[in-house]
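The values are calculated or read from the model by the stated rules, or taken from the named source; none is laboratory data. Given the structure is predicted, the values throughout are model-derived calculations rather than measurements. Side chains are part of the model used for accessible areas, which takes the heavy atoms of the whole protein and leaves out ligands, DNA and RNA. Shrake-Rupley method; radii C 1.70, N 1.55, O 1.52, S 1.80 Å.
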Amino acid sequence: MKRFKKISNDEEVSSYRAVSKGQELKWGLDPMTLRGFIVVLLMVLTVIFSIAFIFGDLPSDCLWTFGEARFFDIKPSKVSDENILTVPKDKLLGGLLPSGFDETSCRSRYESLLYNKRLQHKPSSYLISALRRYEALHKQCGPYTELYNRTVDLIKSGEYSSASSVCNYVVWISFSGLGNRILTLTSAFLYALLTNRVLLVDPRVNLPDLFCEPFPEVSWLLPPDFPIIDKFSSFNQKSQHSYGYMVRNNVIGNSRIPSFLYLHLNHDFDEQDKLFFCDTDQTFLQKVPWLFVKSNTYYVPALFLIPSFEKELNNLFPEKETVFQFLGKYLFHPTNSVWGLITRYYQAYLAQADEKIGIQIRVFDFGVGYLKFVLDQILDCTTKENLLPPVNLNEPIVNSSGKTKTTSVLVTSLNSRYFEEIRNIYWENPTVTGEIVSVFQPSHEERQQTEKLMHDRKAWAEMYLLSLTDKLVTSAWSTFGYVAQGLGGLKPWILYKFENGTIHNPPCFRAVSLEPCYHSPPYYDCKKKKRSYNAVNIVPHVKHCEDNSWGFKLFDRNGEL
């Protein structure tokens with residue numbers, strides 16, 4: 001601390017000495033200079049507080065020193081001044097994400113807050129604690145650790161497991177399109193959380209090029225030298241290591257625990273495969289060190305039907321329709337190459353709009369006239385639901401009162417025709433409100449090219465871009481749309497599925513839940529060991545999907561169909 005004292009009464013007023021740590025410094029300031037200095041200082045402070053008044057309070061992480069302003073921890077790409085100032089406050093999403101990562105190796109992990117809307121729901125403290133416990137387990141048992149190597153030896157030797165292992169694993173096998181893969185990987189991770197297993201993922205088919213590592217320090221990728229990795233593609237219901245096959249052929253016995261089992265949870269699974277969702281069978285599966293899972297469906301809702309998981313799931317997710325949103329945001333961070341696709345497109349075409357509308361189009365039935373039917377359905381839905389303004393076909397120009405609203409429409413489809421038609425409508429005609437509508441489509445691949453790297457990169461980028469919109473229209477049954485709505489926390493307007501030219505009125509309906517739909521649930525009574533259609537009545541938060549009458553979906557208890 002500096003203090004000032006007058007040297008003598010005979011010296012001029014300006015002769016003061018600053019005494020600091022026992023040393024004296026002489027200031028040779030005359031009164032006019034001193035008064036000028038004070039005036040300039042007051043002017044600088046006035047400007048600073050004027051800016052603070054206009055743009056909001058200075059952030060708590062903004063350190064000001066005399067003559068210099070320094071901002072700490074604000075390094076992401078600029079979107080707006082407001083966003084940049086608020087990013088560091090919750091970059092871990094309320095504790096959902098772990099700290100300690102190299103931020104430059106995966107920019108999306110913490111930069112996503114610049115683009116995403118804030119979470120409407122908060123993760124439970126129980127979920128946050130469970131994720132930290134899982135990360136510790138993954139570090140202990142992950143690839144090439146001593147415990148991992150010891151457990152791998154069981155598969156190499158072909159021995160049966162005679163004692164419980166310290167580390168048990170569930171291995172997700174890559175299968176189906178990218179949307180399906182994201183949903184099934186989420187399902188496998190939740191199962192790992194519930195059963196205290198380590199999740200390892202099939203590294204083939206572009207996965208390391210699409211998603212950053214979600215767990216600190218130790219990879220989630222199954223090593224390429226894993227003993228039976230070359231057999232993954234051949235695993236099916238008839239495989240001798242399939243759990244359903246072993247049950248059908250009475251191979252399973254409590255005295256002999258196999259070192260690994262294959263679980264066939266695809267849409268075509270049979271009654272023996274469905275035993276996976278029964279408590280008695282889960283008791284046996286807990287003893288098996290390695291479980292390999294292949295699926296093309298989001299089977300999370302069926303996990304809520306297993307009584308032994310019910311309490312844990314209720315603790316993890318008090319709000320049932322947040323399962324995919326929280327686990328998806330925890331697991332799936334675009335790699336830098338994909339993040340570049342996302343951020344460049346967002347800043348070029350979406351960032352400046354007052355409102356952003358996403359329209360995701362997927363057609364499964366290519367009947368006669370489907371293009372016109374789907375286009376009319378989209379236009380009817382977006383105008384009737386006040387998502388987009390109608391156009392004025394009689395006037396070349398419509399004057400709007402006040403500031404003109406701008407809306408950017410992001411269209412994603414394998415076909416470019418829908419985008420071209422919607423764009424032309426809003427280019428060739430003014431809107432009745434005077435609103436300016438711009439229409440964009442990042443890509444049109446014409447056909448799904450599953451497992452092709454650039455196709456998957458674009459698909460992942462477009463799902464993510466859709467999740468950044470303010471309002472969303474999706475196609476019934478589409479896993480592409482499910483991923484976008486879940487990550488964005490959006491309840492979309494769902495277009496009815498095009499089937500044989502059937503015209504629906506209204507053309508779309510609003511989703512009640514954020515969750516994806518489980519298209520092929522196990523209609524099976526575990527006690528009676530036979531097919532049953534009452535499974536949906538077991539718990540109040542599992543109901544039929546809005547867009548699929550036989551599918552299952554998670555709803556909050558106050559959700560009404």
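In the structure shown, do any of 384/553; 320/553; 274/529 have a Cα-Cα gap over 21 Å, and if so which? Beyond 21 Å: 384/553. Per residue, the Cα convex hull of segment 370-444 amounts to 86 Å³. Expressed as a whole percent, the proportion of Cα-Cα pairs in segment 408-473 lying more than 15 Å apart is 57%. Amide H to amide H, with H built 1.01 Å from N, residue 478 comes under 5 Å of no residue 5 or more places away or on another chain. Using bins of 5 Å that start at zero, the share of Cα-Cα pairs per bin across segment 303-444 amounts to 2, 8, 13, 16, 14, 12, 11, 10, 7, 4, 2, 1, 0, 0, in whole %. The residues of segment 344-409 expose on average 56 square angstrom of accessible surface per residue, using a 1.4 Å probe on protein heavy atoms. Taking the three principal axes of the alpha carbon atoms in segment 172-289, the coordinate ranges are 42, 27, 26 Å, sorted in descending order. When 425, 359 are compared by accessible area of protein heavy atoms, the largest-first order is 425, 359, using a 1.4 Å probe.
From largest to smallest, the equivalent ellipsoid semi-axes obtained for segment 309-373 from the alpha-carbon gyration tensor read 32, 24, 13 Å.
Scanning residues 5 or more positions from residue 439 or on other chains, those with amide H under 5 Å from its amide H are 409, with H placed 1.01 Å from N in the peptide plane. Around the amide H of residue 292, modelled in the peptide plane, lie the amide H atoms of 171, 261, 262, 263, all under 5 Å away and 5 or more residues distant in sequence or on another chain. A 1.4 Å probe, protein heavy atoms only, puts the accessible area of residue 101 near 40 Å². Divided by 2.2 N^0.38 Å, where N counts the residues, the Cα radius of gyration of segment 423-551 comes to 1.34.
Averaging 1/r over each pair of different alpha-carbon atoms in segment 258-356 and inverting the result gives 17.1 Å, the Kirkwood hydrodynamic radius. Just the number: Rg to Rh for segment 354-406, Cα atoms, Kirkwood Rh, two decimals. My calculation puts Rg/Rh at 1.08. Legend: residue pairs 122/405; 287/527; 329/471; 458/543; 311/497, Cα-Cα distance threshold 25 Å; pairs beyond threshold, 122/405; 458/543; 311/497.
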